[in-house]
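Structure record follows, encoded as C-alpha cells.
The values are calculated or read from the model by the stated rules, or taken from the named source; none is laboratory data. Here the structure is a predicted model, which means the values were calculated and not measured. Cβ coordinates were reconstructed from backbone atoms using ideal geometry, including for glycine residues, and neighbour counts include every protein chain displayed. Just the protein is used for accessible areas: all its heavy atoms, side chains included, with ligands, DNA and RNA removed. Shrake-Rupley method; radii C 1.70, N 1.55, O 1.52, S 1.80 Å.
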Amino acid sequence: QVQFVESGGDLVQPGGSLRLSCVASASIFSGSVMGWYRQAPGKRRELVAHIFKNGLTIYAASVKGRFAISRDNDKNTMYLQMSSLKPEDTAVYYCNRHDPAPVEWGQGTQVTVSS
C-alpha cells in the first residue's frame, strides 16, 4: 500500500527554486505532524522541516530562511517550497510522519542542484 507520493524534484541551477509536493494517505496524514526529509549520497537521512496540523513549522538550521513547508489538510497534501538552492541541497527528498514516528518510506523525489 502506497502511503506517500512525492513529486516536483528536478535539476536546478544554484540559486534556483523548486516546489515539492507530497500526497499522503488520509490515515497517515490526519492528525500527524508531517515532515520533509532528505538523503544525500553516502549520508544518513535527515529531517529538513516539519509541520503540525495547526500550521506550526520547524526547520533545520541548514534550510531555515530558504525553505517553506506547508500543508493542505483537506487534500492530505504537503508542500516544500525551496529557494536559494545550493549544491549541498542535492538529495532525494521524502515525506513521512514526524510524530508519530515515520512509517514505510516512499520512493522520494530527486533534487539536483548543479550548474
Legend entry - Selected residue (criterion: most open to solvent (accessible area, probe 1.4 Å)) from residues of the range 80-115 that are hydroxyl-bearing (Ser, Thr, Tyr) and in contact with a Lys or Arg (Cβ under 6 Å, 6 or more places away or on another chain): SER84
Legend entry - the range 35-56 residues that are without any contact (Cβ under 8 Å) to a residue 24 or more places away in the chain, paired with ones that are among the basic types (Lys, Arg) and open to solvent by 20 Å² or more (accessible area, probe 1.4 Å) (beta carbon under 8 Å, 6 or more apart): LYS53/ARG71; GLY55/ARG71
Legend entry - Tabulated pairs, the range 2-15, first over 18 Å from TYR79 (Cα atoms) and open to solvent by 40 Å² or more (accessible area, probe 1.4 Å), second modelled with pLDDT of 95 or more and basic (Lys, Arg), C-beta under 9 angstrom, 6+ apart or interchain: PRO14/LYS86; GLY15/LYS86
Legend entry - Test for SER30: is it surrounded by 14 or more Cβ atoms within 10 Å (Cβ to Cβ) and hydroxyl-bearing (Ser, Thr, Tyr): no
Inset, instruction - Would you check if there is a residue in the range 55-71 being in contact with a strand residue (DSSP E or B) (Cβ under 6 Å, 6 or more places away or on another chain) and either closer than 24 Å to GLN1 by Cα or of a type in the set (D, E, K, R) (or both)? - result: yes
Legend entry - Leading residue by the ranking (modelled with the highest pLDDT) among those in the range 1-31 that are touching a Gly at 6+ places or on another chain (Cβ under 8 Å) and of a type in the set (S, T, N, Q): SER21
